[in-house]
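Scroll down for the structure; my scribbles are underneath it.
The values are calculated or read from the model by the stated rules, or taken from the named source; none is laboratory data. Here the structure is a predicted model, which is why all the values come from computation and not from measurement. No Cβ is skipped: glycine too gets one built from the backbone with ideal geometry, and neighbour counts run over all protein chains shown. For accessibility, only protein heavy atoms count, side chains too; no ligands or nucleic acids. Shrake-Rupley method; radii C 1.70, N 1.55, O 1.52, S 1.80 Å.
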Amino acid sequence: MELTNISSNTSPCWLLRTESIVILADCCLDFSSLIYSRHHHKTCPPRVLVPNVHQYVDLYEIDVIIVSNYHTFAGLPWMSKSWKEKDWGGVIYCTLPTLEFTKIYVQEIGLYMEEVENELRNSELTDKPLGNMPGEKMVEQEQVDACFSYVKTINYGEPIDLFGIASVIAHSSGFCIGSCNWMIEIYDKKIAYICDHTSLKTHASRVDTKALKDSDILILNGLKSCPGFSPDRSVNDACATLDETVKRGGSVMFPVYPTGVMLDLLEIFIDYLAQMGRGHIPFYFISPIAKAALAHAQIYPEALSEAKKEKASLPQFPFDHDLAIEKGKLKIYEDTNEGLSAIFRGPAVFFGGHPSMELGLARKLGKDWANNPKNKFIVTECGFQNNTFAGRLNVKHAPVDTRMTTTGAKLMVQELKPKELVICQAILHTHPKLRESVIPPRIFHPGKTHDFSSFKTYRDVKMDVSAASKVTLQPTPGRPDVCVGPISGTLNISNGQFRFTTDYEGTSNIEQKLWGAMTVEGLAKQLRLDGFKNIKVKGRKIMLDGGFVQLGTQSTHIHHDSNSVRRKILLSCRKTLTP
Amino acid sequence: MPDIRIVPLGAGQDVGRSCILVSIGNKNVMFDCGMHMGYQDARRFPDFNYITGGDQTTLTPHIDAVIISHFHLDHCGALPYMSEQVGYEGPIYMTMPTKVICPILLEDFRKVVTKRSAGAETNFFTSEMIKNCMRKVEIVGLHQVINVDDELSIKAYYAGHVLGAAMFKITVGDESVLYTGDFNMTPDRHLGAAWADRCKPTVLISESTYATTIRDSKRSRERDFLKKIHRCVENGGKVLIPVFALGRAQELCILLEQYWDRMKLNVPVYFTAGLAEKATNYYKLFVNWTNEKIKSSFVERNLFDFKYIKAFQKEIHMNQSGPQVCFATPGMLHAGMSLEIFQNWCTDEKNCIIMPGYCVAGTVGHRLLHGERHFKFNGVNVTSRIKVEYMSFSAHADAKGIMQIIKMTEPKNVMFVHGEAAKMEFLAKKVQKDMGLPCFTPANGETVNISCPPQIKVKIESDLARKIMKRSLNRAAFHAALVNDGNELELLHPDVAMKKLKVKQHHFQMNTSVNLPEGNSTPEQIIVSLRLLIKTYIDGSLMEKWVPVGNMMNSIELASPDMSQTISIVAEKLKTFDTFGNHKSERVLKVTWPLSVDDEIGILLSRLSKEFALVVPR
Ligand SMILES: [Zn+2]
């Protein structure tokens, strides 16, 4: 069993392969090219980086893709083109909320990138042709939809059997609505796959760590990317900056992803300003997908924390957003063209994309507010600390990253007791102490493959006694204690259990091999038993109506012009052959 | 092999107080714990003495898990009585919508009973007991496998019927029992259709409310319903529709909303307040339990935000003159506002009552449907003149739907509960006859024993299983070798078996010939034109990857992609004699292929040769 690390940085992308199955786990988008693009090539349209999965495997050969959350799904639409060409028969497994939030997330990025590209093309800056940036253009919506059509949604704790070779099962990772870790079993190996795991209290349902215990291999991904900041302190910092700014008559913008931690922040900041006696300051969530993002947050009560579940059972909406909208405290707009210029004057709080500040509302306000030190950006998403915007005076960096710290990860490894620990090399930049884990980690550099020895496994096939009685077993000459016989029928799998049924029909177009020898007399007798009339034996030739059978020592020729009669003769031969 | 024992404590040849005990080996599960609407005495609850044997012990040592299929009271109404009064400390499983809605209905039920009995019911369960009971509930997600202990696991499937309704499968070792609860195989305006995988349970326990009905098409039923309402209000009458607060009510509300919108009607429509608004919120929160159409549009427009339907205010609307339509709870007219409205409206023949669901024996609804017109309310005799209509809108599977779930899940045995004895007997006979499955219809307290025949276990290497399954997700045909080494049975690829056991392959060559009509063209000429035909034919067919080899003038040879097999077509001219002893030259195509390739390929080529015979050059 081979494991390959395709992740280019800390965003996970792993390939697991055996001779019988190929599983891809996660595929993120990388936005670092966005920032690069802005500062080095002003006339280049925005590009994103997508893992080069095709360098490691023919995309068509992937059998199964498992996706942990909406971040780790977003790189997949780039693959659907090559799947479509060859009619890919594989499946993408993720939870329903992951699918729905991915749709929202990818749509937003797509619209944002298109907007900037159009703007660049129309601006007078570019009398020369637009430059080319490394990275990928956004894929067409059609291709995105094609990608989603391969998805089969699953629930936490729903075991998925993969062709009898492997199985996967998702368990809550506590990170966002519908996010999960995976337990993968291939051959004799149990692989726990952890991605964006948090044991802190969030809006999502509690993490299920117990289910990941006692694995052979633990692949650990998605640790905190800004270790210096505790979520609580960042929230407090953000609150203080927010209050200070609006007090001085300025506005604040939070450049955020359309779901995840922003769902909490929206509640927290609205509450906080109200507490500070500034409940009159309006909140705006401005994004083409704002409405859908908030609506979807409300409809997965099963995937939410106990407190949110409790609210749902009242029944109230789990998040207070709808209440805030009802009270007029929160307003939602698709974009800034909806006659919004008026609101940009007074102090207000804006939520919208994109955390890189290179796209969407953040990009627009970045220009508008460049010369207005009164207004502030508070960056709560992580992974953008190197953004040069962050150095500017009106940008406050307060990342709220709920994921595991080095200490948390080490404790968890201790608790889960895997036989081997696997990490991606890039994770050591931010978590160097991970080297000192109780189980010394096997470090995967980008592109590295390691072959884990694994034993092939056996599966049980259940068979009714009646089905088994149709098979004739005969002793073999070399080993009379061992019997063998041909068996034909249908192998069924349901809920991970194989069953065998003997329906010979339908097996005719499958390759068939038989063994042993038979005598002319033996076959003639069997043919008569099986209802053939006018059997005549001439040497090694058996004549029958409309055809004949010619026997050799290790070969037999069946001559007949009727397909069904030929098959009937063959069945008689199967009964006659002895090893 | 563990044997299976099933005994209904309720819903055996009956509708009401569903409670079915299932034992697989030494694991005991209770499916549903309902109440009977038709009784006001001890018979309204299942007889739990059956389980304890009349001992003063609790149920805890006797039951490993209790599973509630959905929130209807005939499936969960006895739950607090069972867990708090009889006593049960083990786990209770239900879906999240059931968990949140069930206590509300229980509380509602409790109030109706204690109010009706005016204090005579001193031993009825309290609000506190409902709360304590609900604390024992664990939420089950659809398709999530929950291991109750090392041996017993449960899995839920979508059942339609009402919000959050589920079918449950329990598994112990090789044996499993799938209980449908109430289910619906046809999607409607607000819910989807029941679905389960081909899980081949040892026993399928199905409800059979509509065992002998094949309901007329849904559309015409709905049209009928709307027509009846429209006609009544046109004549200035009032329409009373008794419903349960959650369930069919939402379906009918959506139906009426759309009709009112389309017909631009302004006759007022009401829904008795209380539960109704709450109910609507549940449908908004659990939109993922509704159907695809509602899910896909919920961001823009929520179908449960009604435009025409307003809250019913008793003081204003009860005796308001002029036509109106009122949805009122509860559905069987056994108590509450629907009964009160009925008392007020039933003497006017202009008015109309539409009973959209099943009514349990003993309720006013049931009596009304059975032709009774004289009632005594609070000591006053009343003669009802209201027009009575019955329209089945309960979302149960009909006979067709029940057969469908049997086909879908492929059980080894079938059992019917939750229906009338005669009707389920009829369907049981049909299942036995048409599908050859043993089918049981036990009465309450009657035990059904199902012995599970031993299964033969054969091992197979995972890789071989994968090769056989290729990319088919659930079934594939194959030929293999079955080997018994004295200890165990194993399925092997023939090549592996032959090598391991030092047995030689026996080759089979399949031959078929096609006679060509008389003519003068030579075998070589025939082959040239056949080659052309084959070339155009094999593209995109089974033969696509086969490559022509050899350059014989009178034959075509094709080799398999790995060059290990060949198929040949030989053209021959045979000199034969006709019956008069004259020379006759016959032309034939002989098609030959080995058995170890796809037999269909040989058949394809011989068919092709036959087609060729029609166009062969003279
Ligand atoms: Zn029901």
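Here are the numbers for the structure shown:
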read-out: Elements of type strands (runs of 3 or more DSSP E) contained in the range A:503-579, each with 2 or more residues being touching a His at 6+ places or on another chain (Cβ under 6 Å); value: A:547-551
read-out: Every residue from the range B:376-413 that is within 10 Å of the chain's Cα centre (by Cα) and either among the β-branched types (Val, Ile, Thr) or more than 16 Å from the ligand (Cβ to nearest atom) (or both); value: B:ILE402, B:MET403, B:GLN404, B:ILE405, B:ILE406, B:LYS407, B:MET408, B:THR409
read-out: Single residue of the range A:142-157 satisfying the filter (open to solvent by less than 20 Å² (accessible area, probe 1.4 Å) and of a type outside the set (A, V, I, L, M)) that is farthest from the other protein chains (Cβ to nearest Cβ); value: A:CYS147
read-out: Residues of the range A:567-579 that turn out to be out of contact with any Ser or Thr (no Cβ under 7 Å at 6 or more places or on another chain) and open to solvent by less than 40 Å² (accessible area, probe 1.4 Å), as a count; value: 6
read-out: Close pairs from the range B:69-94: first among the β-branched types (Val, Ile, Thr), partner part of a helix (DSSP H, G or I) and away from the ligand (no atom under 15 Å from the Cβ), Cβ under 7 Å, at least 6 apart; value: B:ILE92/B:SER83
read-out: Meets criteria (under 28 Å from A:PHE163 (Cβ atoms) and open to solvent by less than 70 Å² (accessible area, probe 1.4 Å)) for B:ALA443; value: no
read-out: Test set (1) open to solvent by less than 10 Å² (accessible area, probe 1.4 Å); (2) within 16 Å of the ligand (Cβ to nearest atom); (3) more than 24 Å from the chain's Cα centre (by Cα) - B:PHE109 fails condition number; value: (1)
read-out: Residue count, the range B:83-104 (criterion: among the small types (Gly, Ala, Ser) and either within 14 Å of another protein chain (Cβ to nearest Cβ) or within 15 Å of the ligand (Cβ to nearest atom) (or both)); value: 0
read-out: Selection status of B:ASP150, more than 16 Å from the ligand (Cβ to nearest atom) and not polar (S, T, N, Q); value: yes
read-out: Condition broken by A:LYS533, with the remaining ones in (1) within 13 Å of chain B (Cβ to nearest Cβ); (2) open to solvent by 60 Å² or more (accessible area, probe 1.4 Å) satisfied; value: (1)
read-out: Flag for B:ALA477 being among the small types (Gly, Ala, Ser) and either surrounded by fewer than 21 Cβ atoms within 10 Å (Cβ to Cβ) or in the same structural domain as B:ILE402 (by TED's automatic domain parsing) (or both); value: yes
read-out: Criterion (under 30 Å from B:VAL172 (Cβ atoms), among the charged types (D, E, K, R), out of contact with any helix residue (DSSP H, G or I) (no Cβ under 7 Å at 6 or more places or on another chain) and surrounded by fewer than 19 Cβ atoms within 10 Å (Cβ to Cβ)) met by exactly one of B:ASP224, B:ASP197; value: B:ASP197
read-out: Breaking point among (1) under 28 Å from B:ALA249 (Cα atoms); (2) touching a residue at least 60 places away in the same chain (Cβ under 8 Å); (3) away from the ligand (no atom under 16 Å from the Cβ); (4) open to solvent by less than 10 Å² (accessible area, probe 1.4 Å), for B:ILE130; value: (2)
read-out: Hits in the range B:153-166 - residues which are within 16 Å of the ligand (Cβ to nearest atom) and of a type outside the set (Phe, Trp, Tyr); value: B:ALA156, B:ALA159, B:GLY160, B:HIS161, B:VAL162, B:LEU163, B:GLY164, B:ALA165, B:ALA166
read-out: Selection from the range B:28-76 of residues that are within 16 Å of the ligand (Cβ to nearest atom), under 17 Å from B:TYR358 (Cα atoms) and in a loop (DSSP other than H, G, I, E, B); value: B:GLY34, B:MET35, B:HIS36, B:MET37, B:GLY38, B:HIS70, B:PHE71, B:HIS72
read-out: Pair list, Cβ < 7 Å and 6+ apart or interchain, from the range B:397-425 residues that are closer than 13 Å to B:CYS439 by Cβ to residues that are assigned to a helix (DSSP H, G or I); value: B:ILE402/B:LEU427; B:ILE406/B:VAL431; B:ILE406/B:MET435; B:VAL414/B:ILE406; B:VAL414/B:VAL431; B:PHE416/B:MET424; B:PHE416/B:LEU427; B:PHE416/B:ALA428
read-out: Residue satisfying all of: in the range B:167-183; charged (D, E, K, R) and more than 16 Å from the ligand (Cβ to nearest atom); modelled with the lowest pLDDT among these; value: B:ASP174
read-out: One residue from B:ILE456, B:ILE450, B:ILE468 being surrounded by 20 or more Cβ atoms within 10 Å (Cβ to Cβ) and either away from the ligand (no atom under 16 Å from the Cβ) or on the phi < 0 side of the Ramachandran plot (or both); value: B:ILE468
read-out: Filter pass, B:PRO80 being away from chain A (no Cβ under 14 Å), within 28 Å of the chain's Cα centre (by Cα), more than 14 Å from the ligand (Cβ to nearest atom) and surrounded by 20 or more Cβ atoms within 10 Å (Cβ to Cβ); value: no
read-out: Selection from the range B:112-122 of residues that are open to solvent by less than 60 Å² (accessible area, probe 1.4 Å) and either assigned to a loop (DSSP other than H, G, I, E, B) or touching a Leu at 6+ places or on another chain (Cβ under 9 Å) (or both); value: B:SER117, B:GLY119, B:GLU121
read-out: Residue match in the range B:249-272 (condition: aromatic (Phe, Trp, Tyr), touching a residue at least 24 places away in the same chain (Cβ under 8 Å), more than 29 Å from B:ALA65 (Cβ to Cβ) and not in a helix (DSSP H, G or I)); value: yes
read-out: Hits in the range A:538-566 - residues which are away from chain B (no Cβ under 11 Å), among the aliphatic types (A, V, I, L, M) and more than 26 Å from B:VAL503 (Cβ to Cβ); value: A:MET543, A:LEU544
read-out: Filtered residue count, the range A:289-318, keeping only those that are in contact (Cβ under 8 Å) with a residue 12 or more places away in the chain, open to solvent by less than 20 Å² (accessible area, probe 1.4 Å), more than 19 Å from B:MET134 (Cβ to Cβ) and among the aliphatic types (A, V, I, L, M); value: 6
read-out: Close pairs (7 angstrom Cβ cut-off, 6 or more residues apart or separate chains): more than 7 Å from every other protein chain (Cβ to nearest Cβ) in the range A:498-517, open to solvent by 40 Å² or more (accessible area, probe 1.4 Å) and modelled with pLDDT of 70 or more anywhere; value: A:THR502/A:LYS470
read-out: Residue check, B:PHE125 away from the ligand (no atom under 16 Å from the Cβ), in contact (Cβ under 8 Å) with a residue 40 or more places away in the chain and open to solvent by less than 10 Å² (accessible area, probe 1.4 Å); value: yes
